[in-house]
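Novice: Structure provided below as C-alpha cells; questions to follow.
Here, each number is a calculation from the coordinates, and none is a lab measurement. Fair warning: this is a prediction, and the values are worked out from it, not measured in the lab. Here the Cβ positions follow ideal geometry from the backbone for every residue, glycine too, while neighbour counts run over all protein chains shown.
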Number of protein chains: 2
Amino acid sequence: MTTMTDTAATSTTNATNAHFTDPLLGSNFKGYPRTQPPRLRSEVGAAGWNMLAGDLPLPLAMLKREALEHNLAWMQSRVREWGIDLAPHGKTSMSPQLFQRQLKAGAWGLTFATVTQLAVGVAAGVRRTLIANQVVSDEDLAGIQMLLRATAGLRIVFLVDSLAQLGLIEDWARRHPASVPFEVMIEIGVEGARTGCRTHEQAVTLATRLRASDAVKLVGIETYEGQGATGVSEPDTAYANTLMDRVEAIARHCDTHKLFETDEVLVSAGGSAIFDLVAGRLKPALGSPVRGLLRAGCYVTHDHGFYQRMVSALDERLGCQCGEGLRPAMEVWATVQSRPEPGLAILAVGKRDISFDLSMPVPIARAARGALEAQAVPAGWKITALNDQHAYLRWDASEEAEAPQVGDRVGLGISHPCTTFDKWHWMPIVENDYRVSDAVAMHF
Amino acid sequence: MTTMTDTAATSTTNATNAHFTDPLLGSNFKGYPRTQPPRLRSEVGAAGWNMLAGDLPLPLAMLKREALEHNLAWMQSRVREWGIDLAPHGKTSMSPQLFQRQLKAGAWGLTFATVTQLAVGVAAGVRRTLIANQVVSDEDLAGIQMLLRATAGLRIVFLVDSLAQLGLIEDWARRHPASVPFEVMIEIGVEGARTGCRTHEQAVTLATRLRASDAVKLVGIETYEGQGATGVSEPDTAYANTLMDRVEAIARHCDTHKLFETDEVLVSAGGSAIFDLVAGRLKPALGSPVRGLLRAGCYVTHDHGFYQRMVSALDERLGCQCGEGLRPAMEVWATVQSRPEPGLAILAVGKRDISFDLSMPVPIARAARGALEAQAVPAGWKITALNDQHAYLRWDASEEAEAPQVGDRVGLGISHPCTTFDKWHWMPIVENDYRVSDAVAMHF
C-alpha cells in the first residue's frame, strides 16, 4: 500500500476521533432546538431542556437514562454469571457514546457488521472487535490491514464460511506480502437460514484449509441462533441446543486436530432474542482456554415490540420478576397534526423517524399541549400505518371521549432498536420526567 | 423572540450554507474509499474512480447521470406542457445538490414535509417553499418566523385542515405580536386517507375562518391524490377526477367569496404515481390568476419497483415510447459474501442500505470480481428478504449454472427512492460505465 494511503488513514482516524469524543450538535440535526445555538454533545445536559416543556422540536427519538443504565448493568451481570463475555453488536446504535458505556460496563469488545462500522468503533476507542460477517472484497481486506497498522493494540476477527472466500483472501494476501495474517472465526450456519457452513464436513474441511493457509489464523468458531427464534421456549430451546451441539462438535474437532492457531479459542453466538439459550454453551471444554462471546446488540435499549415479545419468554426462563429484566429505553414522541375523521389522528412522525420493519410503533404515553407530565394512553390506541412522514393513530369507538387533540403529544414505543437508531444523528438522554440530562450521537 | 435566538438562527444558517455548497466527504461516510483522503464533493468527479474497478467499498448507492438528467428535463417539459409549475418534494432526496439541479431545470420552488427539512432547503438556496403538512407546534411556528426573518425573499406556505389547528396558530400569534401572518393553503382530503378536510362544508367553514384571522393569509388550496393510486388507469382516473372536482368547487367558493388573500392563488397536488391525472386540473378558471404546482418528488430518480409499476400506466396514458418516460436513476451495488446452499447467495447489503418498505430490491446487473463491464442477470434472480445488513438472493434451479460466485458484485434496482436516499450521507453520480463523474450529499 502507498504512503498516501497510510497518511489518509491516520489523518481520517484522527479527524474523526475529535468528532466522536464530543461532536458539535446543532439545528441541522433533526430534533435539535432551532432557537438554540449549537452545543457540544457533552454540554447538552446542562442546557436545562425538557421535552414535555416543548424545548425540542418533535418528532424526537430519545433514550430513557434509568432504563438504559439498567440494561447495560443487567446484561453485564448475566454474562458474568454465565462465565462468558460480551462483545455487543455495535451496528444496533452506531453510537460512540453508547460503545463507551458498553465498554465501561465491562464489555470485552464490540461487534460490527462492516469494515466501515468497525472504523467508527475504532475511532471511538474500541480495540477488541469482531466483524460478524464474511469479509471478501479487496477494499475491505485492505481496510482491515490499514486499521491494524494505524491503531496500536487493535484486534479484528472476522468470519469465514467457504473455501471460495478463503481463496479471495489468499489472493489478496499474495498481492500484499507485507500484510499480517487475518484472524478469522469459522461460521456455522443452518439450512435455510443465512450465512455459515451447513454441515460438519464442510466446516471441518474449511477449518483444515484455514489452518494450512498463511493468509489467515483460525482463532474461533461462531454462529447466529437468532433466525430460528420464535419466542416460544420449547422449540427455541431445541433449536438452540441442536445448533450448539454442532458448534461444539466442530470446535472439538478443531481443538483435537490443532486447527486453532491461538492461545484462547473464541466461541461466539447470540442475538438479542434467545441469547440465554446459547450463553451456557459458549465455553465448551476444549484443550485450550476458551472465551465465550455473546454478541447481543438490541439489549442496550430493548423495545416495546419484537424484542419485548421475544424476551418475555427469556424472562420466564430466567425467573425475572417484572422490571428486573430488560426495560424499553427508547421512545419517539410526535405531535398530533390532524384529526381528520372520527377514530383517526395523524401524527407528524413517519418512516423517516421510527422503526417499521418488524412491527408498528406502539402508543405508550400522551401529554396535552403544554402539559408537563405524561399520562397513560387508552388500551385501544394503535398505530395502524406509517407513511414517510406521517403515522396513523386509531382507537376504539368506545374511547372517543379520550381521543387526542390537535397539538397533543404522543409517545411511541418502538419495535427493533436498530432501525430507529439509524434514522437520527443524535438523541437526548432523558430522565423519567423528560428532562434532558445527556445526549448521544450516531454515525451510520 | 430574543436576540440570542436570532443570532443562533443566522449563524446556523451561515454555517450550514458552507457545508451545503460543497461539503467535505470522507471515509467516515459509508461508501467513500477508505484508502483515499477526504475530498470536497465538487472534487470527487475528478478523482478518476470507477465503481466496477473496485475503487469504492460496497455496498454503495449511486445515481446514473444520464437517467437523472433525463428525468429532471422530462418532468420540467411535462409541467411546461400542462401550463403549470413544479415544486418537487424535497423530502425524497434531502440533497442540496439535487435541489439546485431541480431549480436550475426550472422548478418554481421546493416542497418539504417539516420545518427542519425546510431549513436545509433554505440553506441550499431555495426561496419559494411549501410545507405539505399541517404545522401546529409552537416550536415549528417559531421556526418558520425565524427563517422568514433571517432570509431575504423567502416564502413559506403550509397546510391547514382544521379549526383546531387554526386555534393553535392564533394562540401562538397572540403571544408573538411582532410576527408576520403565516401563508397557508387549505388541504382537501379523502375519507379513509390521510390529512385534509373531508367535506365541502368543513373546507368552506375553515376557509371563512382563515379569511377572518389576522394570524394567517389563505393563499391557495392543496390535495394529495397519491393514496388512491392503484396503477390501473380507469379507477385512478375516476378517483383523481372526483377529488379534483371537490378541490375545484372549494377553490371556486373561496374565489367567489374573496377568501383568498393573494394576487395569485396556488393550487397544488401531485405525488409521483398518477400526477398526470391531476396536472390538468391545477389551473381552474378563477377570478384571480392561478399558479398550479405539482409536488412530485420521486420522479428525480424514479425506481425499478413501486413507481415503475405505477408510472407504466402513466406512460401509456401519455403515449410515451420506451425510454421516453421516467428512467430508473438509482442503483445499489453489493458483494456476494456467501453461497451457503444451492439457490441462495447472501449479499452484503441490507435494511441499512436500501429501501424495503414498498417492495424488495430487484437484481438488475452483475459483474464478476474484477470485471469492468456489468452484465444482465438471469430472469429468475430475486431478492427474497433483507436483514439489517444482509440480502437473500435466490434463483431458479434451472439457472444454477449462471449462479453468482463469492466476491461477485450484484447491482440492485430499488423500490421507493425516499427510503434509500435516507440511508446515505452521500452518493456518487456515475456514467453508464460506472465511472464516478460527480457526487451529491444528503441531509436527513
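Novice: Rounded to the nearest 5, what % of DSSP beta bridges with both residues in the protein assembly as shown are antiparallel? Could you put the intermediate results ahead of the total?
Specialist: Working: 68 of 134 bridges.
The antiparallel proportion sits near 50 percent.
Novice: Something else about it: Counting only helical runs of four or more DSSP H residues, what would the 222 nm mean residue ellipticity of chain A come to if each run contributes -39,500 (n - 2.57) and the total is spread over all its residues?
Specialist: After summing the helix terms and dividing by residue count, I get -10000 deg cm²/dmol.
Novice: On a 0 to 90 degree scale, rounded to 10, what angle separates helix B:3-21 from the longest Cα axis of chain B?
Specialist: Helix B:3-21 and the main axis of chain B meet at about 40 degrees.
Novice: Using the structure shown, list the pairs from A:Lys104/A:Lys423; B:Lys91/B:Lys351; A:Lys64/B:Lys91; A:Lys30/A:Lys91; B:Lys104/B:Lys423; B:Lys104/B:Lys217 with a Cα-Cα distance above 24 Å, or answer none.
Specialist: Table pairs above 24 Å Cα-Cα are A:Lys104/A:Lys423; A:Lys64/B:Lys91; B:Lys104/B:Lys423; B:Lys104/B:Lys217.
Novice: Further, regarding this structure: B:Val410: net charge of surrounding residues, Cβ under 11 Å, Lys/Arg +1, Asp/Glu -1, itself excluded?
Specialist: Once all neighbours under 11 Å are counted, the net charge is 0.
Novice: Another one. Tell me the angle of helix A:306-318 to the major Cα principal axis of chain A, expressed in degrees between 0 and 90 and rounded to the nearest ten.
Specialist: Here the helix axis deviates by roughly 70 degrees.
Novice: Would you kindly work out, in nm and rounded to one decimal, the distances from the label point of A:Arg211 to those of the same position in each other copy, ordered shortest first, with label points 7 Å along Cα-to-Cβ?
Specialist: Distances between equivalent label points, in nm: 8.9.
Novice: What is the magnitude of the charge dipole of chain A about its Cα centre, with +1 placed on the Cβ of each Lys and Arg, -1 on the Cβ of each Asp and Glu, and no other charges, expressed in debye to the nearest 20?
Specialist: 720 debye
Novice: Please list 3J(HN,Hα) in residue order for the range A:117-130, calculated via the Karplus relation 6.51 cos²θ - 1.76 cosθ + 1.60 where θ = phi - 60°; whole Hz, with x for glycine and proline.
Specialist: Coupling constants for the range A:117-130: 4, 4, 4, 5, x, 5, 4, 7, x, 6, 10, 10, 9, 10 Hz.
Novice: Next question. By the gyration tensor of its Cα atoms, with a ≥ b ≥ c the square roots of the eigenvalues, what is the shape of the protein assembly as shown: rounded for a/c under 1.5, prolate for a/b over b/c, or oblate?
Specialist: Prolate, because a/c is 1.5 or more and a/b exceeds b/c.
Novice: Turning to a different aspect of this structure: Could you give the distance between the Cα centres of the range A:28-81 and the range B:233-303, to the whole Å?
Specialist: The range A:28-81 and the range B:233-303 have Cα centres spaced 42 Å from each other.
Novice: Quick one: 3J(HN,Hα) in Hz for the range B:205-217, Karplus 6.51/-1.76/1.60 with θ = phi - 60°, rounded, Gly and Pro as x.
Specialist: Karplus values, whole Hz, x for Gly and Pro: 4, 5, 4, 5, 5, 4, 4, 7, 8, 7, 7, 9, 10.
Novice: Could you pull out every one of the aspartates and glutamates with an alpha carbon less than 19 Å from that of B:Lys283, ignoring same-chain neighbours closer than 8 positions?
Specialist: Straight-line reach from B:Lys283, under 19 Å: B:Glu81, B:Asp85, B:Glu187, B:Glu222, B:Glu225, B:Asp245, B:Glu248, B:Asp255, B:Glu261, B:Asp263, B:Glu264.
Novice: Next question. For A:Gln405 paired with B:Ala249, estimate the spin-label separation in nm (one decimal), with each label point 7 Å from Cα along the Cα-to-Cβ line.
Specialist: Going from the A:Gln405 label point to the B:Ala249 one covers 3.2 nm.
Novice: Which percent, nearest 5, of DSSP beta bridges in chain A are antiparallel?
Specialist: Working: 34 of 67 bridges.
Roughly 50 percent of the DSSP beta bridges within chain A come out antiparallel.
Novice: Mind running the shape call on the range A:215-308? Use the C-alpha gyration tensor, a ≥ b ≥ c as the square roots of the eigenvalues: rounded below 1.5 for a/c, prolate if a/b tops b/c, oblate otherwise.
Specialist: Working: a/c = 2.88, a/b = 1.87, b/c = 1.54.
It comes out prolate by the Cα gyration axes.
Novice: Another one. Could you work out the longest stretch of chain A that avoids the GluC sites (Glu not before Pro) located in DSSP loops with at most 10 other Cβ atoms within 10 Å?
Specialist: Value returned for the longest uninterrupted segment is A:1-190.
Novice: Once Rh for the range A:127-296 is found with the Kirkwood sum over Cα pairs, what is the Stokes-Einstein diffusion coefficient at 4 °C and 1.567 mPa s, in µm²/s?
Specialist: Value of D from the Cα-based Kirkwood radius: 80 µm²/s.
Novice: Just to confirm the number: angle between the C-alpha axis of helix B:65-82 and the first principal axis of chain B, 0 to 90 degrees, nearest 10?
Specialist: 30 degrees
Novice: Averaging sequence separations of C-alpha pairs under 8 Å and six or more residues apart, then dividing by the length of the range B:127-296, give the relative contact order as a whole percent. Intermediate results must be reported in sequence, preceding the final value.
Specialist: On the way: 292 pairs, mean separation 29.5, N = 170.
Rounded, it is 17 percent for the range B:127-296.
Novice: Once you sort the root eigenvalues of the Cα gyration tensor of chain B as a ≥ b ≥ c, which label holds: rounded (a/c under 1.5), prolate (a/b larger than b/c) or oblate (the other case)?
Specialist: It comes out prolate by the Cα gyration axes.
Novice: Further question: Net charge near A:Gly83, counting Lys/Arg +1 and Asp/Glu -1 over other residues with Cβ under 15 Å of its Cβ?
Specialist: For residues surrounding A:Gly83, the net value is +1.
Novice: Going 7 Å from Cα along the Cα-Cβ axis for the label, what nanometre distances separate B:Gly106 from the same residue across the other copies?
Specialist: 6.8
Novice: In terms of modelled amide H atoms, which long-range or inter-chain residues lie less than 5 Å from the amide H of B:Val216?
Specialist: Those lying under 5 Å, H to H, from B:Val216 are B:Phe182.
Novice: Next question. In nm to one decimal, list the spacings between the A:Ser312 label point and its equivalents in the other copies, with label points set 7 Å along Cα to Cβ, shortest first.
Specialist: Copy-to-copy label distances at A:Ser312, shortest first: 4.3 nm.
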